[in-house]
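Nothing in this text is a laboratory measurement; each read-out follows from the coordinates by a stated rule. Keep in mind the model is a prediction, meaning the values are calculated, not measured. Glycine also receives a Cβ, built like all others from the backbone with ideal geometry; neighbour counts cover every protein chain displayed.
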Amino acid sequence: MAQPQPQTHQQQQHQQQQQPKIPTRKEAEDESVVPVPQAGDRAPSLGDQVHFPSDKPVLVVFLRHCGCPFAEKTFRTLSNLSNHHPEIQFIAISQSTQEDTDKWIVQVGGEWDVLVLADPDRTLFHAWGLGLSSTWYALNPVALWNTWKLGTDEGIWNRSSNSGSRWQIGGAFAVDRDGLVTWAKPAQSADEVPDFKEALRALGRR
């Protein structure tokens, strides 16, 4: 019986290209989701409280649901940065209700100099290209392992929450004073925490 031949590099690349991208957005359910803004694009609206262009460059973070340990890790880091970079406006978008968001902010240490906006119907998420994810996005083995590791290493565990969707994709964006996006990073999995050093560099900071 003939032995199977090993795949060539070209065959392996072709096979990888045929595999579905992760995360897969359920665009049929998120018809209002637009493409993610890229570097050089004009920043979408953030509602009545934030206007572009602005006096300061802006770092915008879209959080997973209140209660997610990676949302907490992200927000704690963002709050700490806001104390060290007063020349930047830091904004966090929650997909939970205002009441649940306010309670969660207190639980995780306060907002410091971060402007927190509640977006329970996820209108802002959709306007910035962030829709729903796949099951793999939220429950893949690496994400589950990192959930346990974050809890054991830093004491950040899941918290109970009455609102928000675990399937919602998070992300982070840097916007300059002219209202142009300079850095765009939709999260590729539920356990992803934004690379804030990269974001600061995109705004000309360190």
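A compact table of results
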item: Entries in Lys103/Lys185; Lys73/Lys197; Lys56/Lys197 that, when Cα-Cα distance is taken, lie over 24 Å; result: Lys103/Lys185
item: Globularity ratio of segment 62-206, using Cα Rg and 2.2 N^0.38 Å; result: 0.99
item: FRET efficiency, Asp121 to Asp41 (Cβ-Cβ, R0 35 Å, nearest 0.05); result: 0.90
item: Cubic angstrom per residue, convex hull over Cα atoms of segment 120-173; result: 104
item: Ordering of 103-116, 84-97, 60-73 by burial proxy (mean other Cβ atoms within 10 Å per residue, highest first); result: 60-73, 84-97, 103-116
item: Net lengthening on full extension, Val142/Arg159 (0.36 nm per residue, minus Cα-Cα); result: 4.1 nm
item: Whole-angstrom gap from segment 136-165 to segment 115-131, using each part's C-alpha centre; result: 21
item: Prolate/oblate/rounded label for segment 28-77 (Cα gyration tensor, a/c 1.5); result: oblate
item: Net charge, Trp183 excluded, C-beta distance under 12 Å - Lys, Arg +1, Asp, Glu -1; result: 0
item: Charge sum, other residues only, whose C-beta stays under 9 Å from Ser165's C-beta, Lys/Arg counted +1 and Asp/Glu -1; result: +3
item: Under 5 Å, built H, 5+ apart or other chain: amide partners of Asp119; result: Ser94, Gln95, Ser96
